[in-house]
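Asker: Quick one: this structure, given as C-alpha cells, is what I'll be asking you about.
The values are calculated or read from the model by the stated rules, or taken from the named source; none is laboratory data. Just so we're clear, the structure is a prediction, and the values are computed from it rather than from any experiment. Here the Cβ is made from the backbone with ideal geometry for all residues, glycine too, and neighbour counts use every protein chain on show. Calculation scope for accessible area: heavy atoms of the full protein, side chains included, ligands and nucleic acids excluded. Shrake-Rupley method; radii C 1.70, N 1.55, O 1.52, S 1.80 Å.
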Amino acid sequence: MSLDLLTYLFIGGSFALYIGIAIWARAGSTKEFYVAGGGVHPVANGMATAADWMSAASFISLAGIVSFVGRDGSAYLMGWTGGYVLLAMLLAPYLRKFGKFTVPDFVGDRYYSNTARTIAVVCTIVISFTYVAGQMRGVGIVFSRYLHVDINTGVVIGMAIVFFYAVLGGMKGITYTQVAQYCVLILAFTVPAFFLSAQVTGHFLPQTGLGATLGNGQSVLATLDQLSTDLGFKAYTEGSKSTVDMFFFTIALMAGTAGLPHVIVRFFTVPRVKDARTSAGWALIFIAILYTSIPGVAGFGRVNLIQTVNGADNTGTAYESMPSWFKNWENSGLIGWVDHNGDGKVQYAAGNAFEGGKPNFIEGTGEHGERMVSNPNTAPVAVNGAPFANEVYVDRDIMVLANPEIANLPNWVIALVAAGAVAAALSTAAGLLLVISTSISHDLMKKTINPNITDKQELMYARLAAVVAICVAGYFGINPPGFVAQVVALAFGLACASVFPVIVMGIFSKRMNTQGAITGMVVGLVVTMAYIIYFKFMGGSADQWIFGISPEGFGTVGMLLNFATAYTVAAMTPEPPEDIQHIVEDIRIPRGAGTAHAH
Amino acid sequence: MSMSVEKAKAYWSENLRIISTYLVIWFIVSYGFGILFVEQLNAIQFFGFPLGFWFAQQGSIFVFVVLIWAYVFSMNKLDEKYDVHE
C-alpha cells in the first residue's frame, strides 16, 4: 500500500477510536468533568499521565535536540523524568488527600486567600497556554507533511478532534482517550527505535544498542565522537554548557515538571492516597520506556544522517542522488541546501550554511533543482578542521519523523510514526485545555466571582471556556508567535519559581501563612520573568548572565528566592489560623481521603 | 481523627526520613553522577558507554523509576505500621 493511504488509515483509525471513547465516556457532572469522577485505576491514570505529559516536544523534538547537541541534551532527559520523583514524594499524595479539583483550589484554601488563588490561576493559565500553542503547531507540521494539507487545515482538523472529546467528555473523556493515545504513541516511538537499533547495531533494544560495537570495531558513541569531531562539531559525549548552568537548568526542568498544573491535576482522579503514589510510579515507567529509547534514537539518527548526506567516502552526495526524504523535507521547508563550492554535492559539517542559521526560501529552483534561498552564507568556510564548509540546514524537529525514512523502514512504520506524533500532541493539548477551562469556570467563576452558580451552570461555563481556549490555541497554532521556543522556558520557569514552592511549603510547613506565600510567589515570579524577558526579548547577551546561569535555568534562582522570602515574611507575620493548621495536619495522614469534592 | 498527636508526629517524622533518604539518592545519581562528576566518570567504560554519559542519559532515569517504587512500598508499610492505611 502507498504511504499516503497507510497514513490516512492510521491517523483516521486512531481518530475514530478517540471519538468512540469520547462518546462512551461523556461527563454528566462537574466532578466527572474535572476529575473523571475520582475513580480512575492507577495504571490507567499512569498511562493517561504519561500521554498528558509527553507532548509533541517529547515525541518529535527531544530526540532531535539530543541528536544535535549530544550530552547537553541530558538536562532534558533527567529533568523531564526526575521531576516525577519530586511529584511522587513531595506533592501528589498530599494533594490527593486534600481532595480538591485544581491547583489554585489548594493554594486558595491552604492560604485562606483569594489573592493567592488568583495569582495561582494566572500562573496556571499562562503556563498552559504557552504549552498548548506548541502542541497545535506540532499537529500542523505532521498533517502538512503526511496528509499534504496545508498547516492551517491541519491545525483546524486537530482543533475539531480535541474539541469533540474535551468539551464533551471533560476529564473523564480525556483520561480514557489519553490511555488510547499513550498506546498509539509508545508503539509509534518504540517500533522504529527497535528497527533502527537492530539495523545499525544488531541489538533489538535501543537502550543497549547505543553501547554496542559497530563493524569498524568501535562503539556507537566512539564512532559518533569521531564523526562529529571530524566534521568540526564537538564530540558527541562532551558537554558544552557550563556545569553551573547544567545544574540550574536541570533543577528548573525538574521542579517545573513537578509544578505543571496539567500534570498535578491528574493525581486528583484516583480513588485513594495510596493510588496517587502508585500511579506516579506507573506514570514514570510508561514515560521511561520512551525516554530511555531517546538517546539510542538520537545517536543512530545522527550516524545515519551524517553517513547518508556525506556518503561513504565522506565527500558529500550529489543532490540528484539524495534519497527522497531529503527533498520531501526540503519542500516542507525544514531542510535547506546551498551549493557553496559548486560541486553539485551535498556536504554537511559544522558552521552555518545560511546567514542567521535558517534558510529563507524564495520562489524558484537552482541548477540542480534545489529550492532557492535569499540568504546563503556569503563567506562559507570550513570550521574546526572540517574538510568542507557546511552546505545544509537540517531542522532538529524532523529527526524523529524523518528517521524511519532515512533508515528505509517500511511504509507502515512511517505512517505509525505520523499517528504517534499526532497522538502525543493531541493528548497534551487536551489535558492543557481542560486545565485552562477548569481554572476559568471553577477557580474564577465559582470560587472568586459568583459562588452562587449551580453545578449545571458551572459545567456550562467549563465547556464554554474549553471552546474559547481551543479557538485561542488554534489561533496560535495557525499564527505561531515567533517566540514559541522562548516562551516554553517561561512556562517551566514560572512553574518552578511559583507553583512548585508554594505547594511544597503548603504541605511541609505548618507555619507558612498567606503573607509569606503571596510575597514568595510574587518575588519568584517577578525575578524569573524579568530575567527571561531581559535575555530572551530585550537582547541581553550571554556574558551578562548572573553566575553564568542561562534564562532557561533561572527559574531555580526564582524558586530559591521564593522560599527565602516566604520564610522570612512568615516569620515576621502571625501564624495561620488554627483550622488551617489542622488542614495541614490532616493532609499528611493518608486515611480518610474520600473522593475529590468541591467544597 | 482517631490518631493521637504523638503518633501523628512520629508518623510524619518517619515519612520525612524516608523521603530524605530517597531524595539523597535521587540527587547523587542525577546531579552528582550526571552533572558534577560526569567528566571523572566518563573515564570509566560501561558496556560501551562512558559511565558519566550513561548516567546522564539513561542510568538516572532507571534509578528514578526504582526510587518511586521503593517509596511506594516503604510508605505502604509505614501506613500499615501506624494504621493510617485506607
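Asker: Pick from segment B:1-45 the residues that are more than 8 Å from chain A (Cβ to nearest Cβ) and in contact (Cβ under 8 Å) with a residue 60 or more places away in the chain: which of them is farthest from A:TRP80 (Cα to Cα)?
Answerer: B:LYS7
Asker: Quick test of your reading of the structure: A:ILE289 fulfils all but one of (1) surrounded by fewer than 23 Cβ atoms within 10 Å (Cβ to Cβ); (2) more than 11 Å from every other protein chain (Cβ to nearest Cβ); (3) modelled with pLDDT of 90 or more. Name the failing condition by number.
Answerer: With respect to (1) surrounded by fewer than 23 Cβ atoms within 10 Å (Cβ to Cβ); (2) more than 11 Å from every other protein chain (Cβ to nearest Cβ); (3) modelled with pLDDT of 90 or more, A:ILE289 is out only on (2).
Asker: Let me ask something else. If you go through segment A:258-274 one residue at a time, how many are farther than 21 Å from A:ALA429 by Cα and open to solvent by 10 Å² or more (accessible area, probe 1.4 Å)?
Answerer: 3
Asker: In addition: Return the total of residues in segment A:366-408 being out of contact with any Gly (no Cβ under 9 Å at 6 or more places or on another chain), polar (S, T, N, Q) and open to solvent by less than 70 Å² (accessible area, probe 1.4 Å).
Answerer: Going through segment A:366-408 one residue at a time, the tally reaches 1.
Asker: Same structure, new question: Among the candidates A:GLU363, A:GLU355, which residue alone is without any contact (Cβ under 8 Å) to a residue 24 or more places away in the chain, open to solvent by 50 Å² or more (accessible area, probe 1.4 Å) and closer than 15 Å to A:VAL392 by Cβ?
Answerer: None of the other options fit; the residue is A:GLU355.
Asker: Considering segment A:415-445 alone, what residues qualify as being open to solvent by 10 Å² or more (accessible area, probe 1.4 Å) and at pLDDT 90 or above?
Answerer: Listed by number, the list holds a single entry, A:LEU416.
Asker: Kindly indicate which of A:TYR131, A:TYR112 is open to solvent by 10 Å² or more (accessible area, probe 1.4 Å), in contact (Cβ under 8 Å) with a residue 24 or more places away in the chain, within 17 Å of A:THR428 (Cβ to Cβ) and not small (Gly, Ala, Ser).
Answerer: Matching residue, one of A:TYR131, A:TYR112: A:TYR131.
Asker: Of all residues in segment A:223-255, which are outside any loop (DSSP other than H, G, I, E, B), hydroxyl-bearing (Ser, Thr, Tyr) and farther than 30 Å from A:THR528 by Cβ?
Answerer: A:THR223, A:SER228, A:THR229
Asker: Right, next: Of all residues in segment B:49-86, how many are part of a loop (DSSP other than H, G, I, E, B) and either aromatic (Phe, Trp, Tyr) or more than 7 Å from every other protein chain (Cβ to nearest Cβ) (or both)?
Answerer: Adding up the residues that qualify gives 2.
Asker: Looking at this structure, is A:PHE204 open to solvent by less than 60 Å² (accessible area, probe 1.4 Å) and in a loop (DSSP other than H, G, I, E, B)?
Answerer: no
Asker: Looking only at segment A:538-552, decide whether some residue is under 27 Å from A:PHE247 (Cβ atoms), at pLDDT 95 or above and crowded, with 18+ Cβ neighbours inside 10 Å.
Answerer: Checking segment A:538-552: not a single residue is under 27 Å from A:PHE247 (Cβ atoms), at pLDDT 95 or above and crowded, with 18+ Cβ neighbours inside 10 Å.
Asker: Got a number for residues in segment A:318-338 being assigned to a loop (DSSP other than H, G, I, E, B), in contact (Cβ under 8 Å) with a residue 40 or more places away in the chain and crowded, with 19+ Cβ neighbours inside 10 Å?
Answerer: Residues that pass the stated criteria total 2.
Asker: Something else now. For residues that are facing another protein chain (nearest Cβ under 7 Å) and farther than 16 Å from A:LEU305 by Cα, scanning just segment A:213-224, find the one that is surrounded by the most Cβ atoms within 10 Å (Cβ to Cβ).
Answerer: Here the residue is A:SER219.
Asker: Return a yes/no flag: does segment A:26-43 have any residue that is under 15 Å from the mean Cα position of the chain (by Cα), open to solvent by 10 Å² or more (accessible area, probe 1.4 Å) and among the hydroxyl-bearing types (Ser, Thr, Tyr).
Answerer: Scanning segment A:26-43, I find no residue that is under 15 Å from the mean Cα position of the chain (by Cα), open to solvent by 10 Å² or more (accessible area, probe 1.4 Å) and among the hydroxyl-bearing types (Ser, Thr, Tyr), so the answer is no.
Asker: Give me the helices (runs of 4 or more DSSP H) completely within segment A:22-107, filtered to those with at least 3 residues that are in the same structural domain as A:THR438 (by TED's automatic domain parsing) and aliphatic (A, V, I, L, M), ordered by residue number.
Answerer: Where helices (runs of 4 or more DSSP H) fall fully within segment A:22-107 and carry at least 3 residues being in the same structural domain as A:THR438 (by TED's automatic domain parsing) and aliphatic (A, V, I, L, M), they are A:42-53, A:62-69, A:74-86.
Asker: Oh, and also: Restricting attention to segment A:147-158, does a residue exist that is charged (D, E, K, R) and either crowded, with 22+ Cβ neighbours inside 10 Å or at pLDDT 90 or above (or both)?
Answerer: no
Asker: Which is of a type in the set (A, V, I, L, M, F, W, C) and within 13 Å of chain B (Cβ to nearest Cβ), of A:LEU227, A:LEU231, A:LEU260, A:LEU210?
Answerer: The conditions single out A:LEU210.
Asker: How many of the residues in segment A:159-190 are touching a Phe, Trp or Tyr at 6+ places or on another chain (Cβ under 9 Å), modelled with pLDDT of 90 or more and surrounded by fewer than 21 Cβ atoms within 10 Å (Cβ to Cβ)?
Answerer: Total satisfying the criteria: 1.
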